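Reviewing the structure listed below.
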Amino acid sequence: TQLLEQSPQFLSIQEGENLTVYCNSSSVFSSLQWYRQEPGEGPVLLVTVVTGGEVKKLKRLTFQFGDARKDSSLHITAAQTGDTGLYLCAGGNAGNMLTFGGGTRLMVKP
Amino acid sequence: NAGVTQTPKFQVLKTGQSMTLQCAQDMNHEYMSWYRQDPGMGLRLIHYSVGAGITDQGEVPNGYNVSRSTTEDFPLRLLSAAPSQTSVYFCASTRPRHTEAFFGQGTRLTVV
């Protein structure tokens, strides 16, 4: 069974602060995705990384895939209240199976 | 663009009742799946389908049935609802390239 562990589980910060969320596994994935989920809604795909060492930027969000394709991080610069939500990482492999991490619940206070 | 449509959005059932959660996608994806989301447990896979006529069990299949008669539709049936099935249910349709999932808005189910 492939497992993805996210840390921290909860994060409460002030607007303008930086933060990093981690997603770790002992398994290798062919792709890794990050989703954001707001209350009452389904998860929405933010980004997919597929190459070891790959870095992708989405405005103030920076995503990195580990060299060995077993881990990933999400860094948010100058967090805003609109970044509040549940962040989920998911690893993909052959057969279209996705393994989800437990999620990081982020609260950005004004 | 509709994407993935789930109905109903909310449902209250009595223990022992049965019901069907509907899911439809218009992206022509072969792969569809059902998850349940409980506090502190993340998303857990219930059942999935790799194409019309093909379904398989996920991590937590007990108490649920699925069928896939068309590419578009993937209903989830609760056979005899139990309080342990109180949860939020999400249907997802997956784009095969890089296994990217697109989710419906969810069904919040309460079993009393």
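The values are calculated or read from the model by the stated rules, or taken from the named source; none is laboratory data. If you're wondering where the values come from, they're calculated on a predicted model, not measured in any experiment. Positions of Cβ are backbone-derived with ideal geometry, glycine not excepted, and every protein chain shown enters the neighbour counts. The accessibility values were calculated without ligands, DNA or RNA, using every heavy atom of the protein model including side chains. Shrake-Rupley method; radii C 1.70, N 1.55, O 1.52, S 1.80 Å.
Of all accessible surface on the protein assembly as shown at a 1.4 Å probe, what whole percent is carbon and sulfur?
50 percent
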Which order do you get for A:63, A:100 if you rank them by accessible area with a 1.4 Å probe, largest at the top? A:100, A:63
P(r) weight above 27 Å for the protein assembly as shown, C-alpha pairs, percent: 33 percent
Net charge near residue B:51 (other residues with Cβ under 15 Å of its Cβ; Lys, Arg +1; Asp, Glu -1) is -2
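Chains B and A: what accessible area do they bury, summed, in square angstrom to the nearest 100, with a 1.4 Å probe?
Working: alone 6110 and 6070 Å², together 10560 Å².
In total, this chain pair buries about 1600 Å².
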When only DSSP loop residues count, what GluC sites (Glu not before Pro) in the stretch A:7-89 have their Cβ near at most 15 other Cβ atoms within 10 Å? A:15, A:17, A:41
Where the only charges are on Cβ atoms (+1 Lys, Arg; -1 Asp, Glu), what is the dipole of the stretch A:5-109 about its Cα centre, to the nearest 20 debye? 140 debye
Taking placed amide H atoms and a strict 5 Å upper bound, the residues 5 or more places from residue A:44 or on another chain that come that close are A:36, A:37
Listed by chain and number, the lysines with an alpha carbon less than 22 angstrom from that of residue A:57, same-chain partners under 8 positions apart left out, are A:70
Positive-pole candidate from B:43, B:93, B:16, dipole of chain B, charges at beta carbon: B:16
If you consider only alpha-carbon coordinates, what radius of gyration and Dmax does the stretch A:5-109 have, in Å? 13.1, 41
Give me the 1.4 Å probe accessible area per residue for the stretch A:5-109, excluding ligands and nucleic acids, in Å². 45 Å²
Distance in Å, no decimals, from the C-alpha centre of the stretch B:83-109 to the one of the stretch A:54-90 is 22 Å
Estimated inter-spin distance, residue B:70 and residue A:94, nm [label 7 Å along Cα→Cβ]: 3.3 nm
Here chain B gives, from Cα atoms, an Rg and Dmax in Å of 13.1, 41
Low-density loop trypsin sites (Lys or Arg not before Pro), the stretch B:1-69, at most 14 other Cβ within 10 Å, DSSP non-H/G/I/E/B, are B:9, B:14
Place a +1 charge on the Cβ of each Lys and Arg in the protein assembly as shown and a -1 charge on the Cβ of each Asp and Glu, then give the dipole magnitude about the Cα centre in debye, rounded to the nearest 20. 200 debye
Relative contact order for chain A using alpha-carbon pairs under 8 Å, separation at least 6, rounded to a whole percent? 37 percent
